[in-house]
1. Which one of Asn27, Pro82, Asn16 is farthest out on the positive end of the charge dipole of the chain, using unit charges on Cβ (Lys, Arg +1; Asp, Glu -1) and the Cα centre as origin?
2. How much mean residue ellipticity at 222 nm does the chain get from its helices, if each DSSP H run of length 4 or more adds -39500 (n - 2.57) and you divide by all residues, to the nearest 500 deg cm²/dmol?
3. Quick check: net charge around Asp11, other residues with Cβ under 14 Å of its Cβ, Lys/Arg +1 and Asp/Glu -1?
4. Hey, fewest Cβ within 10 Å first, where do Tyr246, Tyr207, Tyr121, Tyr113 land in order?
5. In the range 141-171, whose amide N lies under 16 Å from the spot 7 Å out along Cα-to-Cβ of Ser179? List them in ranges.
6. Would you mind computing, in nm to one decimal, how far apart the modelled labels at Ser48 and Glu129 are, each placed 7 Å from Cα along Cα→Cβ?
7. Using a Cα-Cα cut-off of under 12 Å, which aspartates and glutamates could be cross-linked to Lys166, ignoring same-chain neighbours fewer than 8 residues away?
8. Taking the DSSP beta bridges in the chain as the whole, what percent of them are antiparallel, to the nearest 5?
Amino acid sequence: MGQSIASVLNDDVEGNLVAAMDREDSNLVGQDMGVLIGRAPTGVKVTSDVEQFLSNVEVVIDFSIASATAKLLPICAGQHIPMVIGTTGLDRETRAALERAAERVPIVFAPNYSQGVNALYFLAARATELLGPAFDAEIIEIHHKRKVDSPSGTAVRLAEVVAAAKGLDPVRAVTHGRSGHVGARPLEEVGVMALRGGDVVGEHTLYLVGDGERIELTHRATDRSIFARGAVRAAHWIVGRPAGLYDMADVMGIPR
């Protein structure tokens with residue numbers, strides 16, 4: 001993702017990549033980002049030093065892991081640097097730290113920066129409302145075999161959107177997988193299934209299943225650059241915003 005974002009910024013007429021950071025033991029540390037993305041050298045070398053990383057930035061785009069995001073949040077908040085965060089699998093403590101930081105700086109936080117996926121959330125909510133409670137909602141997602149969290153943050157968010165559209169509490173309504181003699185499917189349930197394999201970038205399908213008919217809403221990602229383009233759009237949008245926690249619906253102007 002870091003290289004995809006760098007590539008998008010390389011062609012961006014309004015923004016520039018001024019710093020890049022990776023973990024201390026990464027073999028990318030010290031390498032020029034331009035060379036890494038197959039372009040001319042930029043002079044921006046990957047660092048593992050957070051102070052060096054933040055010395056000359058207007059916005060931080062963070063696609064890392066929960067433990068790294070947790071360390072970065074209070075530092076950016078203390079230096080009043082807006083953030084765009086795409087890290088998934090945040091635990092309760094990190095989510096609380098995110099909300100505290102958003103009291104001091106503007107933060108866009110989204111489980112998926114694809115503009116198509118965020119349109120999917122809107123369409124899913126509207127279709128669920130239109131079809132009513134008699135249509136069962138099931139979600140299937142598939143990602144590459146190296147993905148470490150399951151289900152995906154996108155699937156979790158999609159389930160929350162659908163549950164809300166049904167007037168249900170996501171904590172009680174969402175079921176992650178089924179095994180054994182589970183009995184008949186309750187009406188007030190949203191099922192989520194996760195598949196892993198190969199090099200699949202990401203695919204999410206919402207099934208709204210009624211008697212004698214069903215609707216399927218699917219988003220397929222074939223290139224990680226879609227997430228990078230959405231994140232860069234969010235980075236442009238966040239500059240100058242008041243402190244607060246935003247998402248891609250805010251960035252794209254999607255009605256609530």
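1. Checking the options against the dipole of the chain, the answer is Asn27.
2. For the chain, the value works out to -10500 deg cm²/dmol.
3. My count for the surroundings of Asp11 gives +1.
4. Ordered by Cβ neighbours within 10 Å, fewest first: Tyr207, Tyr246, Tyr121, Tyr113.
5. 150-151
6. It is 5.0 nm.
7. Those aspartates and glutamates meeting the cut-off are Glu129, Asp136, Glu188, Glu189.
8. 45 percent
Each reported figure results from applying straightforward, stated rules to the coordinates on display, with no laboratory input. Quantities reported herein were computed from a predicted structural model and do not represent experimental measurements. Note: ideal-geometry Cβ built from the backbone for every residue, glycine included; neighbour counts use all protein chains shown.
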